[in-house]
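Visitor: Before I ask anything, let me first share the structure, which is written out below as structure tokens.
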Amino acid sequence: MLGGMSPSVVILGAGLAGSEAALQLAARGVRVRLFEMRPQTPTPVHVTDACAELVCSNSLKSVKPDSAAGMLKRELEELGSFVYAAALRHRVAAGGALAVDRAAFSADVTGLVEAHPLVELARGEVQSLADAARGADALVVATGPLTSDALAADLARVAGGDHLAFYDAAAPIVMADSLDEGKLFRQSRYEDAGAGDYLNAPFDRAEYDAFVDALVSAERVVKKDFETRDLFQACQPIEEIARKGRDAPRFGALKPVGLTDPRTGRRPWAALQLRAEDARGESYNLVGFQTNLTFPEQRRVFRMIPGLERAEFARYGVMHRNTFLDAPRLLGADLRFAAAEAATGVPTFAAGQLSGTEGYCEAIRSGLHAAVSAAALLSGRVAPRLPEETAFGALVAYATDPAVKDYQPMHVNFGIMPPLERRVRNKRDRYAAYAERGARALGAYAEELRALGLALDAGGAEWKEPSDVL
């Protein structure tokens, strides 16, 4: 304890990372004040004031244990992530991926935050790190890629130069009852039988060519041809992909591989997949169709997709500027933000997409990691090193490596993991070996946390009074 009282932490941003950090710290007996600027200060893409609102896709990626995304989910489960547990409670069908009913999911997380006796959810914009940290024992900055202009300017001043940015785009969502099911078919890629978790809109060659012509000539919101470095690769607008070559979408979002059109018995020339947005299947996301087209052009062009001729849009695709820190120059492996700490006078951590990682589960995991780091510091303990053999450990090692130049945000992936001791030529076996090695490293790390009294049970923990932990 500090000064005879339970320590307190201020967290900026109630997104995935901030919500996870708040619940993790509170579960360890730390008082938390969690600031969220919505609804007083809106963003270009959020539509609610709920915690952990998903604004791009409702998919949290693969759950396959021998994938990097699956390894990350195992870490979240093993380390007791509250937000990941909420995602599992509100899962919707999405083949081998974890997708959620986004409204139910964010409502669940908001309920957890608001109900916890050690968490105060404060509404209003914070414009200065120093003001936020006043009176706190530690600060976690998790304001995300849509950090307000005022706080972004303060972050740039604190960091000693311009922070980096890239453009990000979100895909449209259409209402299920406006789709022509006579032209669509339900199937997951490569499945031999079963109804399938995706709706598929098949193109023949003439339909595809007409669609691509309309796509590349349509009016855009941001009237420029983006360079590769301007756009995070996983969020390239579909029209930018089409500009790279007429067949480029057929090898990306519109790839037909693994699908058979039941009307013809053959693979279509191209196909768009639509994934359920909610548990009842009342709305669908156009998978991989992030876009910078104006709303009227989205309505015109995307209604050229077979089966979407009368589509009603629950949300149009949007494009916005994302803000993130130059992590290799600014953050430590514990996500400690030294430059901000010098300005605030208290231990300061960064988490979520602002910290220079990319992806939903990555944001949740970074909130958990920052919470463990802060809890250890406040209790006079040293958190164990996060093994690079784990999915998030590899990501943190990459993101905080000063040798990395011209840094861009990164998802977890096998390409940044330490090489295996022996070469495995078969890709499937190699990925399985990464996963097996990561599981061993995760187990050892979790055991270290338990020995230090910093661990929670898998799947989350019961609330604890301040005196129970710190």
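Visitor: Share of antiparallel DSSP beta bridges in the chain, in percent to the nearest 5?
Guide: Details: 32 of 51 bridges.
Counting DSSP beta bridges with both partners in the chain, the antiparallel share is about 65 percent.
Visitor: In nm, to one decimal, how far is the modelled label at ARG205 from the one at ALA93, with both set 7 Å along Cα→Cβ?
Guide: In this crude label model, ARG205 to ALA93 measures out at 3.4 nm.
Visitor: For a quick check: with amide H placed at 1.01 Å from N, whose amide H comes under 5 Å from PHE185's, ignoring anything fewer than 5 positions away on the same chain?
Guide: Hits under the 5 Å cutoff: ASN200.
Visitor: Taking the Cα centre of the chain as the origin and placing charges on Cβ (Lys, Arg +1; Asp, Glu -1), which of GLY317, GLN273, PRO202 is farthest toward the positive end of the dipole?
Guide: Final value for the positive-end residue is PRO202.
Visitor: Then there's this: Mind pulling up the Rg/Rh value for region 18-150? Radius of gyration and Kirkwood radius, both on Cα.
Guide: Numbers: Rg = 15.7 Å, Rh = 16.0 Å.
Rounded to two decimals, Rg over Rh is 0.98.
Visitor: From the phi angles alone, apply the Karplus equation (6.51, -1.76, 1.60; θ = phi - 60°) to region 254-263 and give each ³J(HN,Hα) in whole Hz, x where the residue is Gly or Pro.
Guide: 9, 5, x, 4, x, 10, 10, 6, x, 6
Visitor: Hey, another quick one. Could you run the Karplus curve 6.51 cos²θ - 1.76 cosθ + 1.60 with θ = phi - 60° over region 58-73 and give me ³J(HN,Hα) per residue in whole Hz, x for Gly and Pro?
Guide: Once θ is set to phi - 60°, the couplings for region 58-73 become 9, 9, 9, 6, 5, 10, 5, x, 9, 10, 4, 5, x, 4, 5, 5 Hz.
Visitor: Follow-up. With each label point set 7 Å from Cα along the Cα-Cβ vector, what nm distance links ARG300 and GLN40?
Guide: The modelled label-to-label distance comes out at 4.2 nm.
Visitor: For helix 16-27, report the angle its Cα long axis makes with the longest principal axis of the Cα atoms of the chain; keep it between 0 and 90° and round to the nearest 10°.
Guide: 30
Visitor: For the ranges 79-87, 40-48, what's the packing order if you count other beta-carbon atoms within 10 Å of each residue, average per peptide, and put the highest first? Could the numbers behind the result be given before it?
Guide: Values: 79-87: 25.3, 40-48: 14.2.
Ranked from most to least packed, the peptides come out as 79-87, 40-48.
Visitor: By average Cβ neighbour count within 10 Å, what is the ranking of 172-179, 135-142, 375-382 from highest down?
Guide: In descending order of packing, they fall as 135-142, 172-179, 375-382.
Visitor: Any idea what the relative contact order of the chain is, in percent, if you count C-alpha pairs under 8 Å spaced at least 6 apart?
Guide: Numbers: 998 pairs, mean separation 113.0, N = 470.
Contact order relative to length: 24 percent.
Visitor: Can you compute the charge dipole magnitude of region 21-68 about its Cα centre, using +1 on each Lys and Arg Cβ and -1 on each Asp and Glu Cβ, nothing else charged? Give it in debye, rounded to the nearest 20. Walk me through the intermediate numbers first.
Guide: Values: 6 positive and 4 negative charges, 44 e Å.
The dipole of region 21-68 has a size of about 220 debye.
Visitor: Continuing with the same structure: Keeping all protein chains in place, calculate the accessible area per residue for the chain (probe 1.4 angstrom), answer in Å². Kindly include the intermediate steps, with their values, before the conclusion.
Guide: Working: 19370 Å² over 470 residues.
I get 41 Å² per residue for the chain.
Visitor: What is the diffusion coefficient of region 1-54 in µm²/s, taking the Kirkwood radius over Cα pairs and the Stokes-Einstein relation at 10 °C with a viscosity of 1.306 mPa s?
Guide: Using the Kirkwood radius from Cα pairs, D works out to 131 µm²/s.
Visitor: For GLU181 and GLU312 in one chain, what is 0.36 nm times their gap in residues minus the Cα-Cα distance, to one decimal in nm?
Guide: 45.7 nm
Visitor: Where does each of 19-27, 389-397, 259-267 land if you order them by average Cβ count within 10 Å, highest first?
Guide: Values: 19-27: 30.1, 389-397: 25.7, 259-267: 13.7.
Per-residue mean Cβ counts within 10 Å order the peptides as 19-27, 389-397, 259-267.
Visitor: In degrees, nearest 10, range 0 to 90: what is the angle between the Cα axis of helix 102-115 and the longest Cα principal axis of the chain?
Guide: On a 0 to 90 degree scale, this one is about 10.
Visitor: Can you pull out the GluC sites (Glu not before Pro) in region 265-332 whose DSSP state is coil and whose Cβ has at most 15 other Cβ atoms within 10 Å? Intermediate values should be presented prior to the final figure.
Guide: On the way: sites: GLU277, GLU282, GLU297, GLU309, GLU312; in loops: GLU277, GLU282, GLU309, GLU312.
Sites meeting the loop and neighbour criteria: GLU282, GLU309, GLU312.
Visitor: When the helix-only estimate is applied to the chain (DSSP H runs of n ≥ 4, each -39,500 (n - 2.57), divided by the residue count), what is the mean residue ellipticity at 222 nm, nearest 500 deg cm²/dmol? Before the final figure, lay out the partial values.
Guide: Details: 15 runs with 156 residues, N = 470.
-10000 deg cm²/dmol, from helical runs alone.
Visitor: OK, next. Starting at the first residue of region 152-157, write each ³J(HN,Hα) from the Karplus equation 6.51 cos²θ - 1.76 cosθ + 1.60 with θ = phi - 60°, in whole Hz, x for Gly and Pro.
Guide: 4, 5, 5, 4, 5, 5
Visitor: Where the centroid of each part is defined by its Cα atoms, how far is region 21-64 from region 117-151 in Å?
Guide: If we compute the Cα centre of each part, the gap is 13 Å.
Visitor: Can you list which of the GluC sites (Glu not before Pro) found in region 98-186 are DSSP loop residues with at most 12 other C-beta atoms within 10 Å? Can you show the working numbers first?
Guide: Numbers: sites: GLU114, GLU120, GLU125, GLU181; in loops: GLU125, GLU181.
Sites meeting the loop and neighbour criteria: GLU181.
Visitor: Still on this structure, please answer the following. Please count, across the chain, the pairs of lysine residues with Cα atoms under 22 Å apart that sit 8 or more places apart or on different chains.
Guide: Going through the chain pair by pair, I get 12.
Visitor: Go through ASP49, ASP131 and list them by solvent-accessible area, largest first, probe radius 1.4 Å.
Guide: Of ASP49, ASP131, the descending order of accessible area is ASP131, ASP49.
Visitor: Can I ask one more? For a bin width of 10 Å, list the pair-distance distribution of region 329-421 built from all Cα-Cα distances, rounded to whole %.
Guide: For region 329-421, the binned pair fractions read 17, 50, 29, 5, 0 percent.
Visitor: If you take the beta carbon distance between ALA214 and TYR190 as r and set R0 to 35 Å, what does 1/(1 + (r/R0)^6) give as a FRET efficiency, to the nearest 0.05?
Guide: Working: r = 30 Å, r/R0 = 0.86.
The calculated FRET efficiency here is 0.70.
Visitor: Just want the answer: with Cβ charges of +1 for Lys and Arg and -1 for Asp and Glu, which residue in ALA132, TYR360, ALA342 is farthest toward the dipole's positive end in the chain?
Guide: Comparing the listed Cα positions along the dipole, TYR360 ranks first.
Visitor: Taking amide H positions as placed in the peptide plane 1.01 Å from N, state which residues far from PHE349 in sequence (5 or more) or on other chains have amide H under 5 Å from it.
Guide: Long-range HN contacts for PHE349: LEU139, VAL140, VAL141, PHE337.
The values are calculated or read from the model by the stated rules, or taken from the named source; none is laboratory data. This structure is a prediction, so every number in the text was calculated from the model and none was measured. Note: ideal-geometry Cβ built from the backbone for every residue, glycine included; neighbour counts use all protein chains shown. In case anyone asks, the SASA skips ligands and DNA or RNA and just uses the protein heavy atoms, side chains included. Shrake-Rupley method; radii C 1.70, N 1.55, O 1.52, S 1.80 Å.
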